[in-house]
Structures are given as structure tokens and as C-alpha cells.
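*Asks:* The structure's right below; bear with me while I get my questions together.
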Amino acid sequence: MNNITISANFDAGNISVIDSSDPNDIQLAIQPDNASDFFQWFYFRLEGEVGQRCQIRILNAGQSSFADGWNNYQVCTSYNRQDWFRTPTEYQDGELCFELTLSQNRVEFAYFIPYSEQRHLDLIARAQMHPCVTHSTLGPSLDGRAISLLRVTASDKPKHKVWITARQHPGETMAEWFMEGLIDSLLDRNNATAWQLLQHSAFYLVPNINPDGSVRGNLRTNAAGINLNREWQSPSMEKSPEVFLVREKMLAEGGDVFLDIHGDEVIPYNFVAGCEGNPGYNERHQRMEETFKAAYKQASPDFQDQYGYPKPKPGQGNMTVAANWLGEQFKTLSFTIEMPFKDNDDLPNTETGWSAQRSAQLGRDVLGPIKVVLGLVDCNPPYTT
């Protein structure tokens, strides 16, 4: 008798059951984003008997948005929703195949370690209790969720302003793990780098700019099916209020550093994408980028700049992308930071792959490079404001 039960009816859940009648051939499919054709994020729960061997096939993996990303990918797995490990996985004939012999009667599988709405709300609530933090809601998302902004500073008149946003693409959950690590480090009074930064700078942090897509289990879009990272030139309250509201606040406040945190399905490294294709890109901008990358490599062995996206030709950058638009608008350092869904091939961990913990650590490590770029160390500042 088959007692397999599969469910995705929870926060960020995403899977469709095609056939679960045979534990040795469980057939599933990933559902597309609610109002677009993007799909790759999955997250579901399986229940069965301890000792039962389950063989799972995701039948439509080959038609997903970034099918090349399945090569050398291993599924994230957890019995307790806290500790996640990788299950050996094969991508063959357009299907993602993996198997597990249950050591508990309930297990969860996900594309990457989920970052729940409840954890997001806890992060905001915990942060706002710090004396250096002011929380504000910029406005509602299309589904009525708060777009939360944390302003963090110990100065009445900060010299510099640093903006960091995450989860424009909601399935890239490593981005909010990164933000959690950064926030915890920034608010740690025993962290001298953080405390020195806060004496001179204000940080504007948006840990989740796309809460609707996150809860809906979308890979890449908001509730209206809009890819927010293609909206920065002309956002609207009707289709992309998340970008519109954050962008308006940025224009009102200004900024010296802009970082937008993402995850990449295909490339097994941490890297940045800059503004080389911007019309206004110049030697000063290049110097800031090179300074940041050199400092980040020193701060973290998990960061490198050998592998990444092809650089666009001068003047041919996509100006609808956040990092490009912001770099051009404010004539300053603006990067997309990308982390892998798979692992960092420079320092692989076969048990966990790239993980929530390593994402958080990369977030902690970014404070040093920001400090260097802002010129708050004993060296010639790369630029002045």
C-alpha cells in the first residue's frame, strides 16, 4: 500500500504532483510563477514511512527558465527545516532525478534553503529594537504586504549613504540569508568595522523587495508577473510598486554605494556584475569597482572575480537593471552581487553545497569592502562625495 503524501500548500511552496502512486517513480512538475512563464523554484514536503526508498523525477526540469543550471546541481533537503543537506541528483533527458531513503517520516526538498515570510518579519522586528535602527514601511506590495526599509546609523549627520536591496527575484533566497548576516554584523556593537562605519554612514536596507513573489513560490516575478529587475527605468505603482517606492526613496535620499543581492542558477561562483556598459562609465567608476572587488577578495575566500557574466560593450548596458540604472543615476559604485544555487567550486562543500550559513557569512564580509570604498580606512579614498 502506498502512503506517500506530497504537499506544497505552505509559504513559498511550489510543486505539482503528476503521479505519486509508486514510491519508486514519483513524478512531479514545477509550477510557473503565478502570472508569468518563469519557473525553476520548487519547495515541497514529502511524507512516508521510515526506511522507505523514494525515487523522484521532476519531469519538466528541461523546460525551466535556466535549464543549464541543473547540470551538477544537488537538491536541498531537510528533516527539521533548520539543517539542510544536499541529496545526490542527476539531470538527464530533461528530468531532474533524485532519491532518498527516509530516516524520518517527513522531509522537505527545495531548490535552495527557503527564507520564510515569518523569518523575514522576525528579522525586521529584531532589527528595529536596536537603537541605531529606524524602520519604515515605504508602502504596500500588490498583495498588500509591507515593503520594509531599515535605516541604520549612529550619526545625526552621516557623511555617506549605502543602499542594499535583496530578493528582487524571490526564488533567490540566498539573497535574504546574505542580508540577515549583514544586518546581524552591522548591529553587533563588538564589530569594530561595523561600528566605525555607523559613525559616518547611514545604511538603507531592504531585506526583501518582493515579498509577494516570495510567499507565492515564484522564481523571478512579483504578483503581477513582473520581473522587478527590469523595471528600474520606468516603474509604476500599477505593476511594480515595489521598485517604484524604493526608487523614489533613493532619489529623495541619494546614495554613495548601491548593492543589489541575487543568486545565479548556472555559475558555481560568487561574483559581481558592474556598470561597464553604462553610458557614463569612466575611470573613476572603474577605480571604485576594482577597489571593492580587491577588498572583497581579501575579506572572503568565497569571493572571486575570474568567473561571472560577460561584460557588455561600452554604452550597451541594460539600463532597466537596478545596478546599471543606479550607477548611472548617482554616478557611483553600483553592483549586483551574485551567489550560486549550486556551490562555490573554488571551495566546495559536498554535504551542503552553497548554504544559508555561507550566504550570511558573505553578507558579514561585505562590510569591509564597503568601508574601503567609502574611504574610511588609512589609505587614499577611492573617491570623495
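The values are calculated or read from the model by the stated rules, or taken from the named source; none is laboratory data. Here the structure is a predicted model, which is why all the values come from computation and not from measurement. Don't worry about glycine lacking a Cβ; one is built from the backbone with ideal geometry, like all the others, and counts go over all protein chains shown.
*Asks:* Considering only residues that are in a loop (DSSP other than H, G, I, E, B), buried (at least 17 other Cβ atoms within 10 Å of the Cβ) and not small (Gly, Ala, Ser), which ones fall in the stretch 12-30?
*Replies:* Across the stretch 12-30, the qualifying residues are ILE15, PRO23, ILE30.
Rundown of residues vs (1) touching a residue at least 40 places away in the same chain (Cβ under 8 Å); (2) over 18 Å from the mean Cα position of the chain (by Cα), yes/no style:
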| site | (1), (2) |
| --- | --- |
| GLN304 | yes, no |
| PRO312 | no, yes |
| GLY315 | no, yes |
| MET319 | yes, yes |
| GLY327 | yes, yes |
| PHE330 | yes, yes |
| LEU333 | yes, yes |
| ILE337 | yes, no |
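*Asks:* Another one. Touching a residue at least 60 places away in the same chain (Cβ under 8 Å), within 18 Å of the chain's Cα centre (by Cα) and closer than 20 Å to LEU228 by Cα - does that describe any residue in the stretch 273-283?
*Replies:* Yes, the conditions are met somewhere in the stretch 273-283.
*Asks:* Could you please find all residues in the stretch 140-156 being of a type in the set (Lys, Arg) and under 21 Å from ASP188 (Cα atoms)?
*Replies:* Passing the criteria: only ARG151.
*Asks:* For the stretch 37-53, enumerate the residues that are assigned to a strand (DSSP E or B) and more than 15 Å from ASN80 (Cα to Cα).
*Replies:* ARG53
*Asks:* Another question, then. Which residues, counting only those in the stretch 92-101, are part of a loop (DSSP other than H, G, I, E, B) and either surrounded by 14 or more Cβ atoms within 10 Å (Cβ to Cβ) or assigned by TED's automatic domain parsing to the domain that holds GLN357 (or both)?
*Replies:* The one that is part of a loop (DSSP other than H, G, I, E, B) and either surrounded by 14 or more Cβ atoms within 10 Å (Cβ to Cβ) or assigned by TED's automatic domain parsing to the domain that holds GLN357 (or both): GLY94.
*Asks:* Which of the residues spanning the stretch 196-221 are within 24 Å of GLN128 (Cβ to Cβ), out of contact with any strand residue (DSSP E or B) (no Cβ under 8 Å at 6 or more places or on another chain) and either in a loop (DSSP other than H, G, I, E, B) or without any contact (Cβ under 8 Å) to a residue 24 or more places away in the chain (or both)?
*Replies:* Within the stretch 196-221, ASN210 is the sole residue that qualifies.
*Asks:* Can you pull out the residues in the stretch 90-104 that are touching a helix residue (DSSP H, G or I) at 6+ places or on another chain (Cβ under 8 Å) and without any contact (Cβ under 8 Å) to a residue 24 or more places away in the chain?
*Replies:* Those that are touching a helix residue (DSSP H, G or I) at 6+ places or on another chain (Cβ under 8 Å) and without any contact (Cβ under 8 Å) to a residue 24 or more places away in the chain: none in the stretch 90-104.
*Asks:* Just name the residue that is surrounded by the most Cβ atoms within 10 Å (Cβ to Cβ) out of those in the stretch 115-139 that are under 21 Å from the mean Cα position of the chain (by Cα) and in a loop (DSSP other than H, G, I, E, B).
*Replies:* TYR115
*Asks:* Something else: Has the stretch 72-91 got any residue that is part of a strand (DSSP E or B) and in contact with a Lys or Arg (Cβ under 6 Å, 6 or more places away or on another chain)?
*Replies:* no
*Asks:* Ok, one more. Would you mind stating whether LEU142 is within 30 Å of ILE4 (Cβ to Cβ), in the same structural domain as PHE335 (by TED's automatic domain parsing) and part of a loop (DSSP other than H, G, I, E, B)?
*Replies:* So LEU142 fails the test.
*Asks:* Condition first: within 22 Å of PRO23 (Cα to Cα) and in contact with a helix residue (DSSP H, G or I) (Cβ under 9 Å, 6 or more places away or on another chain). Now tell me which residues in the stretch 59-89 satisfy that.
*Replies:* Passing the criteria: ALA61, THR89.
One line per residue, one yes/no per condition, for (1) within 24 Å of the chain's Cα centre (by Cα); (2) among the small types (Gly, Ala, Ser):
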| residue | (1), (2) |
| --- | --- |
| ASN9 | yes, no |
| ILE15 | yes, no |
| SER36 | yes, yes |
| TRP41 | yes, no |
| GLY51 | no, yes |
| ASN80 | yes, no |
| ASP83 | yes, no |
| GLU90 | no, no |
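*Asks:* Mind listing whichever residues of the stretch 342-359 are part of a helix (DSSP H, G or I) and either touching a helix residue (DSSP H, G or I) at 6+ places or on another chain (Cβ under 7 Å) or polar (S, T, N, Q) (or both)?
*Replies:* Correct list: ALA356, GLN357, SER359.
*Asks:* From the set of residues in the stretch 215-249 that are hydrophobic (A, V, I, L, M, F, W, C) and within 15 Å of the chain's Cα centre (by Cα), which is farthest from ALA146 (Cα to Cα)?
*Replies:* So, considering only residues that are hydrophobic (A, V, I, L, M, F, W, C) and within 15 Å of the chain's Cα centre (by Cα), the one farthest from ALA146 (Cα to Cα) is LEU219.
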